[in-house]
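To start, the structure itself, in structure tokens.
The values are calculated or read from the model by the stated rules, or taken from the named source; none is laboratory data. The model shown is predicted, which means the values in this text are computed figures rather than measured ones. Every residue, glycine among them, receives a Cβ derived from its backbone with ideal geometry; neighbour counts consider all protein chains shown.
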Amino acid sequence: MTEPKHVLTLTRVLDAPVANVWRCWTEPKLLEQWFCPKPWFVTDAKLDLRPGGEMSCVMNGPEGEVFPNIGVYLEVVPMQKIVSSDAFLPGWVPSERAFMVAETLFADAGGGKTAYTARALHWSEESLKEHEAMGFHEGWGMAAAQLEALAKSL
């Protein structure tokens with residue numbers, strides 16, 4: 001396989017066990033608590049964890065901004081991997097604008113910790129640069145810290 005060209009990556013060792021981190025990714029009410037950096041927040045999470053199943057939520061900003069986020073799961077390997085994309089809507093309907101494929105990997109790092117990797121795979125250099133300008137590194141890093149805090153508390 002060829003490694004994709006337009007990838008943004010976040011890697012962390014989270015101070016929480018894989019099972020807890022997995023729950024935070026797969027239970028709607030938990031995902032809503034950490035999925036975007038505060039003061040933004042998520043509502044209406046729908047997580048149908050199977051290939052073709054809906055992955056959607058609404059991202060809400062502090063100034064009343066509302067950004068629906070909808071796509072489908074491409075691959076789900078329990079406790080190890082989640083791959084989703086906004087390239088399709090539920091029912092495999094092509095979306096108006098494919099932005100990225102998100103790949104999230106979970107592995108036991110020992111001592112109750114999780115090796116966590118989140119990758120945003122883009123179709124073009126232009127969409128990668130757009131994602132960087134939106135604050136990928138800071139935003140996904142803040143969300144990972146929120147994920148860690150929540151998973152640790154479970």
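Regarding region 78-87, can at least one residue be identified that is in contact with a Pro (Cβ under 9 Å, 6 or more places away or on another chain), of a type outside the set (A, V, I, L, M, F, W, C) and modelled with pLDDT of 95 or more? Scanning region 78-87, I find no residue that is in contact with a Pro (Cβ under 9 Å, 6 or more places away or on another chain), of a type outside the set (A, V, I, L, M, F, W, C) and modelled with pLDDT of 95 or more, so the answer is no.
Among all residues of region 19-27, there is at least one that is of a type in the set (Val, Ile, Thr) and surrounded by 13 or more Cβ atoms within 10 Å (Cβ to Cβ). Look at region 3-27: where a residue is touching a residue at least 60 places away in the same chain (Cβ under 8 Å) and closer than 12 Å to residue 104 by Cα and a partner is among the β-branched types (Val, Ile, Thr) and surrounded by fewer than 17 Cβ atoms within 10 Å (Cβ to Cβ), sitting 6+ places away or on another chain with Cβ atoms under 9 Å, you get 9/117; 10/117; 11/117; 12/117. Of all residues in region 80-115, those satisfying the criterion of being more than 16 Å from residue 68 (Cα to Cα) and among the acidic types (Asp, Glu) are 103, 108. Quick check: is even one residue across region 89-99 within 21 Å of residue 142 (Cα to Cα) and of a type in the set (Ser, Thr, Tyr)? The answer is no; no qualifying residue exists. Cβ-Cβ distances below 7 Å connect the following pairs, each with a first residue in region 29-42 that is touching a residue at least 24 places away in the same chain (Cβ under 8 Å), a second residue that is outside any loop (DSSP other than H, G, I, E, B) and among the basic types (Lys, Arg), and a separation of six or more residues or different chains: 30/23.
The rows are residues; the columns are (1) farther than 24 Å from residue 27 by Cα; (2) exposed (fewer than 13 other Cβ atoms within 10 Å of the Cβ); (3) free of Cβ contacts under 8 Å to residues at least 60 places away in the same chain.
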{"residue": "102", "(1), (2), (3)": "no, no, yes"}
{"residue": "106", "(1), (2), (3)": "no, no, no"}
{"residue": "113", "(1), (2), (3)": "no, no, no"}
{"residue": "124", "(1), (2), (3)": "yes, yes, no"}
{"residue": "134", "(1), (2), (3)": "yes, yes, yes"}
{"residue": "141", "(1), (2), (3)": "no, no, no"}
{"residue": "150", "(1), (2), (3)": "no, no, no"}
{"residue": "153", "(1), (2), (3)": "no, yes, yes"}
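Reported count of residues in region 127-154, each being within 28 Å of residue 19 (Cα to Cα) and either in a helix (DSSP H, G or I) or touching a His at 6+ places or on another chain (Cβ under 6 Å) (or both), is 18. Here residue 99 passes the criteria (1) over 14 Å from residue 147 (Cβ atoms); (2) at pLDDT 95 or above except the one numbered (2).
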